[in-house]
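This report concerns only the one structure given below.
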Amino acid sequence: MKSNSGQNLKLGILIVAGLTIFTLGVYFIGNKQNLFGDSIMLSSVFKNVNGLQLGNNVRYSGVNVGTVKNIKFLNDTAICVDMLIDRESGNLIKHSSLATINSDGLVGSMVLNILPNSEVSSRTIKEGDTLKSLSQVATADMLNTLNQTNENAALLTADLLKITNSINAGEGVLGDLLKNETLAQNIQESAANLNETTNSAREGLNKLNRILNAVDYENSVAGLLLSDSTAQKSFSSIIEDLKTTSSQIKEISADLGEFSNSLNSGKGALNYVVEDTSFVNHLDKSMQNIEEATFRFNQNMEALKHNILFRGYFRKLERQKAREERKQ
């Protein structure tokens with residue numbers, strides 16, 4: 001009898017302990033899932049939930065503030081995720097916040113993160129609000145991209161290996177450069193010649209710069225022609241006059257040549273001059289042309305003496321002539 005009473009007492013104690021543990025477990029699990037606390041229901045719509053499941057955590061700024069309550073399809077491109085948020089934490093969440101789904105670690109469970117949006121000011125959330133979603137790259141997509149990158153790197157390595165083998169075998173231009181000593185020597189000579197040409201060009205430019213720097217642009221004729229537009233016009237006018245005088249002298253030379261030919265032919269020069277009045281007239285005209293050309297040439301020379309471009313030159317000649325006269 002005493003033995004049965006002791007067994008019943010032990011059984012009762014075991015049952016009470018089990019019920020206590022069960023109650024505490026239900027309480028803690030329910031508290032974690034916000035089953036017994038005051039909470040707010042929120043929603044957000046995603047194109048892809050990336051493996052999010054019921055009961056997964058909802059975090060705001062890295063802190064657990066709720067759990068995923070429900071996941072349902074709205075259509076073939078939209079999935080609505082309902083979440084229970086602790087009301088005390090919900091008082092800190094703005095309606096402009098963004099919802100995104102991430103992995104809890106590299107291979108952990110999925111987590112719904114609520115990100116603050118400080119750029120837009122808004123009210124705090126309330127029951128039934130829908131937060132805007134933000135799609136981010138999933139771990140699977142990153143792994144696929146990494147896998148594709150690895151494949152491309154392998155292909156690139158294979159191509160580089162082929163190129164290296166071709167070069168080592170002496171194929172192509174690079175192979176010739178590495179294997180053909182004559183080609184390498186020719187390239188070195190060409191480079192040396194190019195370097196020498198460059199140095200020569202540099203020396204020529206330096207000489208040209210020294211010549212240009214030595215020019216007195218203020219007092220020299222070159223500087224005057226470059227800076228004084230009036231002197232340029234005067235010089236152009238003198239050149240035109242010289243061209244006219246040159247053409248007249250050419251005509252006079254032709255006339256003199258014709259006159260000389262006439263003297264060397266016929267029955268004598270004096271008789272020809274006396275008897276042929278047309279020749280006399282022609283000769284008279286030639287003399288007039290000579291006088292006119294000489295007069296214009298003297299005018300041009302006088303103009304050159306007084307021109308600002310050549311005045312210094314003539315004055316220099318006059319001073320030189322005066323010195324020679326004094327020496328004599």
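Bear in mind that the values in this text are calculations on the coordinates, not laboratory data. Owing to the predicted nature of the structure, the values given are computational and were not obtained by experimental measurement.
Side notes on the structure shown:
- Long-range HN-HN contacts of SER109 with modeled amide H, under 5 Å: ASP104
- Annotation: extensible slack from GLN188 through SER96 equals 26.2 nm (criterion: 0.36 nm per residue apart, minus Cα-Cα distance).
- Across the range 48-53, rounded Karplus estimates of 3J(HN,Hα) from the backbone phi angles (6.51 cos²θ - 1.76 cosθ + 1.60, θ = phi - 60°) give 8, 8, 6, x, 5, 10 Hz, Gly and Pro being marked x.
- Under-5 Å amide H pairs with SER97, H placed in peptide plane, nonlocal only: ASN117
- The amide H of ASN56, built 1.01 Å from its N in the peptide plane, has VAL68 as neighbours under 5 Å, considering only residues 5 or more places off or on other chains.
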